[in-house]
Structure formats: structure tokens, C-alpha cells
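Notes follow the structure.
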Amino acid sequence: MQDGDGSNASPPDMRGKPANIDLRREGSSLVVAVAGEIDLSTAHQLDDAIRQAEETETSRIVVDLSGLSFVDSTGLSVLLDAIKRNRSDGDRLSFVPSKHEAVTRLLAVTDTTELLD
């Protein structure tokens, strides 16, 4: 690829930070800590981790989104599905919200901010 000045340039790397999902126990809670980006290619990892937590007998599941820097509609769908399951599962799911602009903007546009606070 040639740049405007005729030099060869590589296309920009459009990949962001890959998802890092950690499942850990903190006191009586099971925490699903999410960092990086959740999109079509990584949403299944988040879904798997939340479902694994749901299969335990723990009384409280916390999905910590504070390290989440980006989420697309696929990732948002995983979170909303978990909320739906939670309503019939004893209401033991809570969230630590992301403060990253890309995430807060998507939640504001989709009117889902309050669901994930």
C-alpha cells in the first residue's frame, strides 16, 4: 500500500485489546472480571464465564466491567441475556460499570445504562 507521499505504509492495526476474562472468588461473591474488548469474536468467552458462574451455588455474582474498554452489540446481547436469566435465578447478578467512553456511549445510546449499574 502506498501512502499519499508515495512511501509504502502498512494498513493500521484495527485490533484493540483482546478480551481478558477472569473468574475468581472474592469473599462470598464470584467475580467475572472483564478487561479489553468484547465483540463478535470474544463474546462467547464472556457468555461462557457468566454461565459457569451461574452454575455454582454462590449467592452473589459480580460482573466487573471496569476494565472493559469496548463492547459491541454482540457483547451487549450477552450481558442482557444474563440479566434476563438472573431474574429467574434469584436475582444474584450485579455489575461494576465501565467508565470507558466507548462502553458508556453504547449503553447510553441503547438505553441500557441503568441495567448495567
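Here, each number is a calculation from the coordinates, and none is a lab measurement. In this text the structure is predicted, and so the values were computed from the model without any measurement. Note that we place each Cβ from the backbone using ideal geometry, even for glycine, and neighbour counts take in every protein chain shown.
Taken about its Cα centre, the stretch 20-116 carries a charge dipole of roughly 220 debye when the Cβ of each Lys and Arg holds +1 and the Cβ of each Asp and Glu holds -1.
Using only C-alpha positions, report the orientation-averaged shadow area of the convex hull of the chain, nm², one decimal. That works out to 8.7 nm². How about the stretch 38-109: which GluC sites (Glu not before Pro) there lie in a loop by DSSP and see at most 11 other Cβ atoms within 10 Å? Answer by residue number: Glu55, Glu57. Residues whose amide H comes within less than 5 Å of that of Leu93, counting only those at least five positions distant or on another chain, are Ile61 (H built at 1.01 Å from N in the peptide plane). Dipole orientation for the stretch 20-116: of the candidates Ser28, Ser88, Ala53, Ser28 has the Cα lying most toward the positive pole (charges on Cβ; Lys, Arg +1; Asp, Glu -1).
Distances between placed amide hydrogens fall under 5 Å for Phe70 paired with Ile38, all partners being 5 or more residues away or on another chain.
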